Structures are given as C-alpha cells and as structure tokens.
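Have a look at the structure below, then the notes.
Just so it is clear, none of the values below were taken in a lab; they were calculated from the coordinates. It should be emphasised that the depicted structure is a prediction, and the values quoted were computed from it without experimental measurement. Cβ placement follows ideal geometry from the backbone for every residue including glycine, while neighbour counts extend to all protein chains displayed.
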C-alpha cells in the first residue's frame, strides 16, 4: 500500500485512523477526500504535510460551515501540487494557495468567497496557473465586478466562468493588453454577466457561451461578437453559442 499513487474519494469523517493510514502513503500523487470538518481538519492538514509527492488534491465538504477555517492550518503545502479542486464554503482562500508555484489547474465550487479583488490578486500571481474554473457559487459577494488586472495570470490558457452562478458578479473585465496574455479559451455560463476587454486578449481563440436556460440577451451576444472582431489576433477568435 505504501506504493499507492491514487486514492479517492475517501470519507475522512469516520475517524482519525483513516488519516493515519493516508499519512503513511508517502508516494501518493492523487488524493480526493470528503467529510472534512472542524474536528478532523487539523489532523488532515498535518497529513498533507507528509505527502511530499502529491500532485493532485480534491477536498469536498457538504456539511454546514463547509471548509471555512478547515484548511488554514496547512503551513507547508506540497510543493509538487499541480491540480487543486476545492468544493465547499471557504469564505476566504487559505494563504498557502499563494505559494503553490507549480499549480497548473484550479477549480473552485461552492466556496462562497467574499473577497473578489484579493482572490484575483492571489491567483493572478501564480506563475504556472493555466486552467482556472470558477464554478457555482465560487463567489458570494456584494462586489459586482470581476477584473483581470494588467500583468496578472501570465500562463492562463483556459478560463471557465459559471455553470449557473458566480453569485453577486455581474461583469467581467480584462484590462488592456497585459491581462491573461496567453488566454486561448473562455467559457461562460453565468446567468447575468457582461464581458469586456475581449478585444485586447492577444492569444484568444474561442469564446464559448453556454445558455441552456436561455437567459442571455441577444445584445450581449452581439457585443461579444463585436469585441472579437476588433481582436488583434491574426486568426480572429470565434464565438460559439450553445443553447
């Protein structure tokens, strides 16, 4: 068992003995867990410190309170981590996420983050983040604007927004020229977004709007199409609209 590379999904709510066993799997590369709570979160964070080969981590919590405060005890995350999926109310991203220099993929769902600017600043500084998925209720905020700032997200190639709600967010903006310079694919399925700055994304190839509930206005779709027409990329980005 010590040579095991993949484990999950494991419910760690049934006792600390499970975490003691996981701690011994020092060659583990992929781990998915559910059932994290206030009683076992410190032990869980301690377990992660021993998994020095870990490349992929999924943490899922559906209990009341979710992941709020449960991941703050991790002082030294695995430096090898390349994929991170967090599902459950966090309110605020743990500070250690800012130190994931090798992170390539990040998925947030039901995290209900309240700090939009702080979150975007933290993630925008990750040098190797290429795939970012901000899905259902990843934000729960009174702030209406999500802005990708100049110089941020240097390696981002794929961005997905939505699957229904980024609760509170009504507009998404890419600042001119240097925001997400490598972004190729933007997928949007948020119910009420406005998108701006698409004309300044130099590597953009495709914008995919998923509108299964038919909540997008025709004007919004036309506005996106007009921005793509002005994009400086020699191969003009295409707009795909799926209902």
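Below, the figures for the structure above:
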| quantity | calculated |
| --- | --- |
| Selected from 197, 66, 15 as most flexible by GNM, with the chain as the system and alpha-carbon contacts under 10 Å | 15 |
| Tensor-based shape of segment 104-242 (alpha-carbon gyration tensor, a/c under 1.5 rounded, otherwise prolate or oblate) | oblate |
| Inter-label distance, nm, simple model (7 Å from Cα along the C-beta direction), residue 39/residue 150 | 5.3 |
| Global geometry of segment 1-56, whether rounded, prolate or oblate, following the gyration tensor of its Cα atoms and the 1.5 cut on a/c | prolate |
| Chain lengthening between residue 30 and residue 230 when straightened (0.36 nm per residue, less Cα-Cα) | 67.8 nm |
| Read-out percent of Cα pairs over 21 Å apart, derived from the coordinates shown; its label in (1) 53; (2) 63; (3) 58 | (3) |
| Compactness index (Cα Rg / 2.2 N^0.38 Å), segment 1-122 | 0.99 |
| Estimated distance in nm for a label pair at residue 125 and residue 206, the labels positioned 7 Å out from Cα along Cα-to-Cβ | 3.4 |
| Shape category assigned to segment 50-157 from the gyration tensor of Cα positions, a/c cut at 1.5 | oblate |
| CD proxy at 222 nm, helix term only [per DSSP H run n ≥ 4: -39500 (n - 2.57); per residue of the chain; nearest 500] | -4500 deg cm²/dmol |
| Projected label distance in nm at residue 3 and residue 72, using a 7 Å step from Cα toward the beta-carbon | 4.2 |
